Amino acid sequence: MYFEHSPRLRDAYPDLVAGVVQAAGITATVDVTARTAAHLAEARRRLAGGAESGFPEIQAWRRAYAAMGLRPTRYRCAAEALLRRLRLDGELPRVHPLVDLCNAISAAYAIPVAALDLDRVDGDLVVRPAHGDEAYLSFAGDTEHPEPGEVTFVDSAGRAHARRWTNRQSGWSAVRAGTSSVLIVAEALHPGGGPAVTRLVTDLVTELTDGWAAPTATAVLTAAAPRFRTPAAGDDRGQAVSPGSR
């Protein structure tokens, strides 16, 4: 399969850098308490210097939401929502070991991180403006249709796996107890975000290897190499693919 952002989206957000990690062998039995605590400590350290709304990573997402015609204080990117909850409540809810780990890393880096159950994704996955006929399943079990032009993750079957880009994931591909294979995507819009995304991916791979001994394939996607191709049988990693090599 392929994962990529559409050319239209990359043209609109030239600073977009995405980290992608594919992992297999995920279970819901790993104890990540100590691992999440270390990343949440970094998030709390940053929050001690001021609210998350002042972080350059969050400000970039707020500008993006405003450009999409969305009120940034109503529709927050996932990283801002996590940091806000951590600041107000002191902790983040526990959902699933992998989700808890991704949430803690997202808060530490102030970069949205999404984990999708790959067995619930049909074919390729593209982040693009919606046509309006894509099907999105909410966590309450309701089927919604993203507004035309709304940024979402769309698979080959026309299923939407997110609303308002990084605001809300789909209940359809959410990580659950039986999830084994995942695609984790981290997206940064702030200028110079590449090094941070690269470090985030490295941290993720370390945690997945130490916690699950999970085989991983990774890439950092940019305008020059915007597409991630999952590894073929026998390969040990995926790769970022440039436009000329498709």
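Every number in this text was worked out from the coordinates using simple rules, so none of it is lab data. Keep in mind it's a predicted model, so treat the numbers as computed, not measured. Cβ coordinates were reconstructed from backbone atoms using ideal geometry, including for glycine residues, and neighbour counts include every protein chain displayed.
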Query raised in the report: Which residue, of GLY178, GLY171, is within 27 Å of ALA37 (Cα to Cα), in contact with a Leu (Cβ under 8 Å, 6 or more places away or on another chain) and assigned to a loop (DSSP other than H, G, I, E, B)?
Result: GLY171
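Condition check ((1) closer than 22 Å to LEU101 by Cβ; (2) of a type in the set (Asp, Glu); (3) crowded, with 22+ Cβ neighbours inside 10 Å) across all residues:
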{"position": "GLY149", "(1), (2), (3)": "no, no, no"}
{"position": "SER156", "(1), (2), (3)": "no, no, no"}
{"position": "SER181", "(1), (2), (3)": "yes, no, no"}
{"position": "VAL185", "(1), (2), (3)": "yes, no, yes"}
**Report entry** Residues satisfying the stated conditions in the stretch 1-51, i.e. over 20 Å from ALA114 (Cα atoms) and assigned to a helix (DSSP H, G or I)
**Finding:** PRO7, ARG8, ASP11, ALA12, ALA34, ALA41, ARG44, ARG45, ARG46, LEU47
Query raised in the report: Take the residues of the stretch 52-83 that are surrounded by 18 or more Cβ atoms within 10 Å (Cβ to Cβ) and charged (D, E, K, R): which is farthest from the chain's Cα centre (by Cα)?
Result: GLU52
Query - Neighbours by Cβ (under 9 Å, 6+ apart or cross-chain): first from the stretch 135-154, in contact (Cβ under 8 Å) with a residue 40 or more places away in the chain and hydrophobic (A, V, I, L, M, F, W, C); second assigned to a loop (DSSP other than H, G, I, E, B) and surrounded by 14 or more Cβ atoms within 10 Å (Cβ to Cβ) - result: VAL151/MET68; VAL151/ALA130; VAL151/ARG164; VAL151/TRP165; VAL151/THR166
Query raised in the report: Within the stretch 92-149, which residues are part of a helix (DSSP H, G or I) and more than 20 Å from ILE26 (Cα to Cα)?
Result: ALA107, ALA108, TYR109
